[in-house]
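Below is one structure, written out as structure tokens, with a few remarks after it.
The values are calculated or read from the model by the stated rules, or taken from the named source; none is laboratory data. None of the values given here were measured: they were computed from a predicted structure. Cβ atoms come from the backbone with ideal geometry, glycine included; neighbour counts cover every protein chain shown.
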Ligand code: NAP
Ligand code: MG
């Protein structure tokens with residue numbers, strides 16, 4: 001066996017070492033860009049109201065974050081446009097949707113699922129162009145999961161009494177649904193599929209930086225012959241979202257986004273008849289015990305924070321590692337970040353794509369600077385970044401104290417904070433020591449330990465010896481400042497039903 005080069009923790013600013021030669025240059029990949037040939041989209045989209053695309057009067061551009069070029073223009077919906085959308089949903093609800101048999105609703109939802117599958121390639125390319133995520137993720141995760149959610153909830157549409165035995169489940173009415181930019185099509189599917197299966201009509205607002213796949217989904221709804229008004233989609237900024245939240249004829253709000261905006265919405269709805277579910281931010285902890293399969297755990301950690309540029313609410317953005325294996329884990333992490341391929345989201349080899357927007361890039365940089373200022377040790381990939389576009393090098397910090405901002409605040413970027421622990425009690429205490437409670441990962445070869453620690457975690461989603469695994473049958477949601485209500489699974493129907 002030939003001698004291996006010495007593998008040491010890589011620190012920013014250090015000259016290139018053998019490891020770069022081994023993994024960087026020698027194992028360099030030739031470009032493998034996905035062709036955008038088959039993709040068609042309009043230069044401008046207004047809103048999707050009453051089954052038709054309607055124009056607006058004020059337009060803004062959604063940028064491709066990998067090129068900084070404007071990609072598509074969409075209109076901004078004002079209160080009058082939101083009112084039109086809500087009225088259209090109300091009419092569709094009273095006229096068709098609430099009267100329709102579940103088995104008939106199911107046919108539409110199945111059709112939407114199939115059409116997403118048929119147009120999967122196009123949707124994946126557009127998702128990567130508009131949002132910056134690597135094509136291998138939009139192709140293998142976002143789009144298939146979006147179709148899977150429609151398939152799964154189509155199956156429930158005529159079985160609601162079996163989902164809640166003994167009750168008489170009834171739809172709520174018109175649901176206002178506001179979604180973020182990190183999984184644009186998938187979040188639309190998470191919102192629309194259970195709402196439609198339960199018999200509600202929807203007014204959906206995509207994020208301002210990623211409207212394109214929502215407009216493509218509108219085309220699919222049109223081609224699926226969904227009755228006009230069952231789903232309306234309005235584009236716009238935060239004030240469009242606020243107009244949906246504050247509209248008197250909306251019965252339920254489902255919001256996924258930041259904890260700050262979630263709090264504003266919760267205050268706005270206090271004392272109203274409207275139901276509310278909130279899926280908010282997170283500061284998930286991955287806990288590695290000394291008996292864990294270390295190589296597998298390191299891969300899980302990498303996936304948990306660098307997947308989708310760390311634009312994942314349930315990202316494992318904190319790593320808690322048992323002191324006895326900390327040195328090994330940190331050394332392996334140091335190597336692994338050097339081998340991550342950062343760059344063109346449309347390249348099939350890219351692991352880490354573009355940060356979604358300039359403000360998000362600035363926010364990540366500011367928090368990383370705070371980590372350095374507060375005394376943590378920064379380790380960063382030395383990869384080259386494209387000359388244009390919003391990119392950030394995969395980064396992790398050691399010597400992090402639990403009070404550092406990088407250990408407390410959601411960075412929402414490819415940045416990991418590593419801390420150590422000596423006892424399981426200390427691991428639990430540290431993992432729970434944030435205002436959030438969305439996700440956690442536990443790595444150990446003892447099943448009993450996994451279950452014991454999981455029981456003590458204040459987190460809605462807990463993975464054992466894996467991370468970031470999603471399935472439409474599994475409920476997802478938060479504790480504490482990560483929100484309330486569940487999406488996915490049978491539980492995901494509940495926010496859209498009155499169980500009589
Ligand atoms: P955000 O700023 O809260 O925006 C989310 C959505 O709300 C966007 O469509 C936004 O419109 C809209 N909005 C902004 N202000 C509003 C207001 N006052 N009233 C009503 N709607 C308003 O969050 P983001 O930065 O897009 O997304 C990142 C956050 O989402 C992170 O904190 C992440 O953890 C969280 N997230 C949570 C989950 C989960 O399931 N728990 C999943 C994904 C993301 P604009 O786009 O125009 O600002
Ligand atoms: Mg964009």
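Numbers for the structure displayed
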quantity: Condition check for residue 200: surrounded by 23 or more Cβ atoms within 10 Å (Cβ to Cβ) and more than 7 Å from ligand 1 (Cβ to nearest atom); calculated: yes
quantity: Single unsatisfied condition, residue 429 versus (1) under 19 Å from residue 323 (Cα atoms); (2) crowded, with 21+ Cβ neighbours inside 10 Å; calculated: (2)
quantity: The range 405-423, residues that are without any contact (Cβ under 8 Å) to a residue 60 or more places away in the chain and out of contact with any helix residue (DSSP H, G or I) (no Cβ under 6 Å at 6 or more places or on another chain); calculated: 423
quantity: Residue check, residue 378 in contact with a helix residue (DSSP H, G or I) (Cβ under 6 Å, 6 or more places away or on another chain), assigned to a helix (DSSP H, G or I), more than 24 Å from residue 181 (Cβ to Cβ) and touching a residue at least 12 places away in the same chain (Cβ under 8 Å); calculated: no
quantity: Residue list for the range 195-208, filter: out of contact with any strand residue (DSSP E or B) (no Cβ under 6 Å at 6 or more places or on another chain) and under 25 Å from residue 83 (Cβ atoms); calculated: 196, 206, 207, 208
quantity: Of all residues in the range 239-295 being in a helix (DSSP H, G or I) and in the same structural domain as residue 412 (by TED's automatic domain parsing), the one that is nearest to ligand 2 (Cβ to nearest atom); calculated: 295
quantity: For residue 236: the one exception among (1) outside any helix (DSSP H, G or I); (2) more than 21 Å from the chain's Cα centre (by Cα); (3) buried (at least 22 other Cβ atoms within 10 Å of the Cβ); calculated: (2)
quantity: Members of the range 12-63 found to be in contact with a helix residue (DSSP H, G or I) (Cβ under 8 Å, 6 or more places away or on another chain), within 16 Å of ligand 1 (Cβ to nearest atom) and modelled with pLDDT of 95 or more, listed by number; calculated: 45, 47, 48, 62
quantity: Residue check, residue 312 buried (at least 21 other Cβ atoms within 10 Å of the Cβ) and outside the structural domain of residue 138 (by TED's automatic domain parsing); calculated: yes
quantity: Count of residues meeting criterion [away from ligand 2 (no atom under 12 Å from the Cβ), within 20 Å of residue 133 (Cβ to Cβ) and assigned to a strand (DSSP E or B)] in the range 33-69; calculated: 1
quantity: Output for the range 464-497, where each listed residue is more than 29 Å from residue 251 (Cα to Cα) and without any contact (Cβ under 8 Å) to a residue 40 or more places away in the chain; calculated: 464, 469
quantity: Filter result for residue 254 (more than 14 Å from ligand 1 (Cβ to nearest atom) and crowded, with 23+ Cβ neighbours inside 10 Å); calculated: no
quantity: Residue within the range 111-121 that is more than 19 Å from residue 231 (Cβ to Cβ), in contact with a strand residue (DSSP E or B) (Cβ under 6 Å, 6 or more places away or on another chain) and in the same structural domain as residue 221 (by TED's automatic domain parsing) present; calculated: no
quantity: Residues located in the range 481-499, provided they are surrounded by fewer than 22 Cβ atoms within 10 Å (Cβ to Cβ) and either under 16 Å from residue 265 (Cα atoms) or within 16 Å of ligand 2 (Cβ to nearest atom) (or both); calculated: 481, 484, 485
quantity: Residue in the range 310-320 that is within 15 Å of ligand 1 (Cβ to nearest atom) and over 28 Å from residue 396 (Cα atoms) present; calculated: no
quantity: Test: residue in the range 396-407 that is within 16 Å of ligand 1 (Cβ to nearest atom), at pLDDT 95 or above and under 30 Å from residue 372 (Cα atoms); calculated: yes
quantity: Residue within the range 382-402 that is on the phi > 0 side of the Ramachandran plot, within 25 Å of the chain's Cα centre (by Cα) and in a loop (DSSP other than H, G, I, E, B) present; calculated: yes
quantity: Tally, over the range 313-351, of residues that are in contact with a strand residue (DSSP E or B) (Cβ under 8 Å, 6 or more places away or on another chain) and in a helix (DSSP H, G or I); calculated: 8
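Residue-by-condition table, conditions (1) touching a strand residue (DSSP E or B) at 6+ places or on another chain (Cβ under 9 Å); (2) surrounded by 21 or more Cβ atoms within 10 Å (Cβ to Cβ); (3) closer than 19 Å to residue 327 by Cα; (4) at pLDDT 95 or above:
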{"site": "367", "(1), (2), (3), (4)": "yes, no, no, yes"}
{"site": "393", "(1), (2), (3), (4)": "yes, no, no, yes"}
{"site": "422", "(1), (2), (3), (4)": "yes, no, yes, yes"}
{"site": "436", "(1), (2), (3), (4)": "no, yes, no, yes"}
{"site": "441", "(1), (2), (3), (4)": "yes, yes, no, yes"}
{"site": "444", "(1), (2), (3), (4)": "yes, yes, yes, yes"}
{"site": "450", "(1), (2), (3), (4)": "yes, no, no, yes"}
